[in-house]
Amino acid sequence: MEKKSTKIAYGIALGIIVVLLVILKVTYPDGVAGTVWSLLPPAVAIVLALISKEVYSSLFLGVLTGSLLVANFKPWETVRVFIGGGEDECSYGLISNVGDSWNVGILIFLVILGIMVDLMNKGGGSAAFGRWAKKTVHTRAGAQLLTMLLGVLIFIDDYFNCLTVGSVMRPVTESHKISRAKLAYVIDATAAPVCMLAPVSSWAAAVSGFVDDSYISGIQMFIKQIPYNYYCLLTLVMIIVISVLNIDYGPMLTHEYNAQVKDDLYTTEHRPFAGADDYEEGNAKSSVLDLILPVLVLIVMCIIGLIYTGGYFDGASFMDAFADADAATGLCLGSIVALVFTFIYFWVRKAIGFEKSFESVPNGFIQMVSPIMILSFAWTLGSLTKGGLASGDFVNNLLANAGALMNFLPAIIFVLSAVIAFATGTSWGTISIMAPIVCQVFDYGVEPHLCVVGLAACCAGGVCGDHCSPISDTTIMASAGAHCYHINHVATQLPYAITVVCVSFVGFILAAFVRSAVICLIIEIALMIAVLLVIRSIVAKKHAGIFEEMRKADEALKNA
């Protein structure tokens, strides 16, 4: 926040927030829980982050605003709510969220992945994969599509997806001069959207648990909504089209221009992972297997960990075990086994010495400090908004009287879910609020089609808001996986996400009237491609010189 204009804008924003809080204190003497103002704390964090480009202070002030509202402006109570401790009104605070067993499991999982990534770098696995990819992948489009393919294959969990794909593909995309912002977008776009389309994933398990199973099982309902989940499906279509046709626009165009023409992968001066991209060659015998085998073991062990926590080894079926899985515990267990395997594997291979291998423990933790801090604040902000300020009650009241809007309700649910997920930074939390409401509004026994489309709209909106939000855990993980400055990732992917939102909105209106999943999906894909072609034509005319420089740089790279 160095520019004078930015400081002025930040100061004005803070002034407006203070005035607004004073007005709320006078207008709502009993508190703002259950009103539209329950969404104010995340709005504060998001607005300040976008103005200042600094996420820590913005999240801190958002949490402080939420604590103030939950405590109904009592100074000492505000401090108690902010700090938290797990009892009564303080259960939404920082300590409560960081100390939550599920959240602790995720933090341990992150640290273990950080250690594994550092081990694979030291053992030469990342460098070997980079050498193989340089020989095999000859174009920027190929590098982006390979990143997408890897993201699609790792469909178990979004956290796992973000960090694993990032660690594997950073050296590959770097060799093809793909900006960190573009890598972060592709990672983010194949994390939550892919998990929401995979019946065997931690997301499918979570969503199926939120659905009323009076007429149909939760997992069956989840599978039925997949063809109507336009945001997730069209996001994948968009990655393919922009990669193959080399379409860039908005702030992403600047980042890609700098990467290709100026050899600057970052554009801004921020380097949150400075030094972490200095890949080590390992010994001369290092091979692609030194990266692929640990990753494969990690995938298998995480799947086993998930079904273990779901009771598979106690007699539950595979799908039921996934539906009842504890994602945090399962991923934590699986990653610990994979980490032990990775240590032993590199010792046996004599790729790393005993002492050097344990240097990866603090190094891996250090790489994850930034996302851990952001996640801690983001979880607290979401907890204050959903629990302390009862934002779910506001949403429920908003949808209570749909009336003649019934056929347009899926599109409205999509937008509303996106807004809530954007404000709270959580798709799971949003879906947990909206899915039961959808099942109430659209009784599956009376209107099964609209119930399925409504659930798809709810899930798509949750992923959409989560995908766009700067306080979303998966957005934070994508930035960490790509080693991209977080605000750069948010700013560059927002225009892309909004493009998909507009096309998806049309799809949910269409699906309520045209009751054929296949026809609607074909129309949506065609519309998505047409919109991107129109955007390319407009941007190409406006930035003809830039595109010519990028084309020449790409040709030079191919001939090198």
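The values are calculated or read from the model by the stated rules, or taken from the named source; none is laboratory data. These figures come from a predicted structure and were not determined experimentally. Here the Cβ positions follow ideal geometry from the backbone for every residue, glycine too, while neighbour counts run over all protein chains shown. Side chains included, ligands, DNA and RNA excluded: accessible areas come from the protein's heavy atoms. Shrake-Rupley method; radii C 1.70, N 1.55, O 1.52, S 1.80 Å.
Each 5 Å bin from zero holds the following percent of Cα-Cα pairs in region 1-137: 2, 9, 13, 14, 13, 12, 9, 9, 7, 5, 4, 2, 1, 0.
Accessible surface of the chain, 1.4 Å probe: 67 percent of it comes from carbon and sulfur atoms.
The angle between the Cα long axis of helix 327-349 and the main principal axis of the chain comes to about 10°, on a 0 to 90 degree scale.
Taken as Cα centroids, region 315-382 and region 494-560 sit 36 Å apart, rounded to the nearest whole angstrom. Model label sites at W76 and A530, defined 7 Å from Cα along the beta-carbon direction, differ in position by 6.5 nm. The relative contact order of the chain, computed from alpha carbon pairs under 8 Å that lie at least 6 residues apart in sequence, is 23 percent. Counted residue by residue at 0.36 nm each, then reduced by the alpha carbon distance between them, the extension gain from V419 to Y28 reaches 138.4 nm. If the Kirkwood radius is taken over C-alpha pairs of region 305-397, then at 20 °C and 1.002 mPa s the Stokes-Einstein diffusion coefficient equals 127 µm²/s.
V501 sits with roughly 40 Å² accessible to a 1.4 Å probe, with DNA, RNA and ligands left out of the calculation. Give me the angle, in degrees from 0 to 90, between the Cα long axis of helix 448-468 and the longest principal axis of the Cα atoms of the chain, rounded to the nearest 10. Tilt of helix 448-468: around 60 degrees.
Per-residue ellipticity at 222 nm from helix content only, as computed over the chain with -39500 (n - 2.57) for each DSSP H run of at least four residues, stands at -23500 deg cm²/dmol.
Which value, in Å to one decimal place, does the Kirkwood hydrodynamic radius take for region 492-560 when every pair of different Cα atoms is included? Can you show the working numbers first?
On the way: mean 1/r = 0.0691 Å⁻¹.
When all Cα pairs of region 492-560 are included, the Kirkwood radius is 14.5 Å.
Full extension of the segment from I292 to H449, taken as 0.36 nm per residue of separation minus the current Cα-Cα distance, would add 52.2 nm.
Take the Cα of I538, step 7 Å along the line toward its Cβ, and report every residue of region 242-259 whose backbone nitrogen sits under 17 Å from that point. 242, 247-254, by backbone N distance to the label point. Annotation: extensible slack from S101 through D263 equals 54.0 nm (criterion: 0.36 nm per residue apart, minus Cα-Cα distance). Relative to the longest principal axis of the Cα atoms of the chain, the long axis of helix 427-441 lies at roughly 40 degrees. The calculated P(r) of the chain, using every Cα pair and 10 Å bins from 0, goes 4, 17, 27, 28, 17, 6, 1, 0 in percent.
Just the number please: accessible area per residue for the chain, 1.4 Å probe, all protein chains included, in Å². Here the per-residue accessible area is 39 Å².
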